[in-house]
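K.L.:
Here's a structure for you.
Nothing in this text is a laboratory measurement; each read-out follows from the coordinates by a stated rule. Only a predicted model underlies this, so the values are computations on that prediction, with no experimental measurement involved. Ideal geometry is used to build each Cβ from the backbone, glycine not excepted, and the neighbour counts take in all protein chains shown.
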């Protein structure tokens, strides 16, 4: 996991082929809505740019979006999600107004819940957590292929 106060370190040299933003309601259906937005976004990107999006990438995108949005349920105020795609990865960016930066907790086999950040770190190619002028922004990058990158292997 990296932390970067100067902008989006996850963007790298890849060009974003497509972006979409969504305002999130704190209601009980926001996780389901975010997952539906993510899958529709991937479908649209595949059709518009002839991208190959593996089943693994679809599943992991749904999982990551779910975990990042679930964490927002504990933050006060508004939140948003942006999805971006390059020729090789999808990025899920979640912003909320809570300035507290999350941290993975130490391993505890009896702890119930609060494993979301650990899960996201384990399945993403790159994870960036940064403070925003108001709140924080979390950017998670998921490769489109079935083969994890060297960066994911190093973690």
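K.L.:
For 115, 16, what's the fewest-to-most ordering of other Cβ within 10 Å of each Cβ?
P.N.:
Sorted ascending by nearby Cβ count, the order is 16, 115.
K.L.:
Still on this structure, I have one more. Computed FRET efficiency, Cβ-Cβ of residue 14 and residue 107, R0 25 Å: what is it to the nearest 0.05? Spell out each step's value before the answer.
P.N.:
Details: r = 33 Å, r/R0 = 1.32.
Computed FRET efficiency for residue 14 and residue 107 comes out at 0.15.
K.L.:
Can I ask one more? What is the distance, in nm, between label points placed 7 Å from the Cα along the Cα-to-Cβ direction at residue 56 and at residue 134?
P.N.:
It works out to 4.0 nm between the two label points.
K.L.:
Also: List the relative contact order of the range 36-93 as a percent without decimals, with contacts defined as Cα pairs under 8 Å and 6+ residues apart.
P.N.:
31
K.L.:
Just want the ordering: 121, 136, from fewest to most Cβ atoms lying within 10 Å of their own Cβ.
P.N.:
In order of increasing Cβ crowding within 10 Å: 121, 136.
K.L.:
Follow-up. In which sequence would 137, 131 go, from the one with the fewest C-beta neighbours within 10 Å to the one with the most? Provide the component values of the computation, followed by the final result.
P.N.:
Values: 137 18, 131 14.
Least to most surrounded, the residues fall as 131, 137.
K.L.:
Taking the mean number of other Cβ atoms within 10 Å as a proxy for protection, how do you rank 94-100, 59-65 from highest to lowest?
P.N.:
59-65, 94-100
K.L.:
Once a ≥ b ≥ c are taken as the square roots of the eigenvalues of the Cα gyration tensor of the range 2-154, is the result rounded (a/c under 1.5), prolate (a/b larger than b/c) or oblate (a/b not larger than b/c)? Don't skip to the answer; put the middle values down first.
P.N.:
On the way: a/c = 1.42, a/b = 1.27, b/c = 1.12.
Here the range 2-154 falls in the rounded category.
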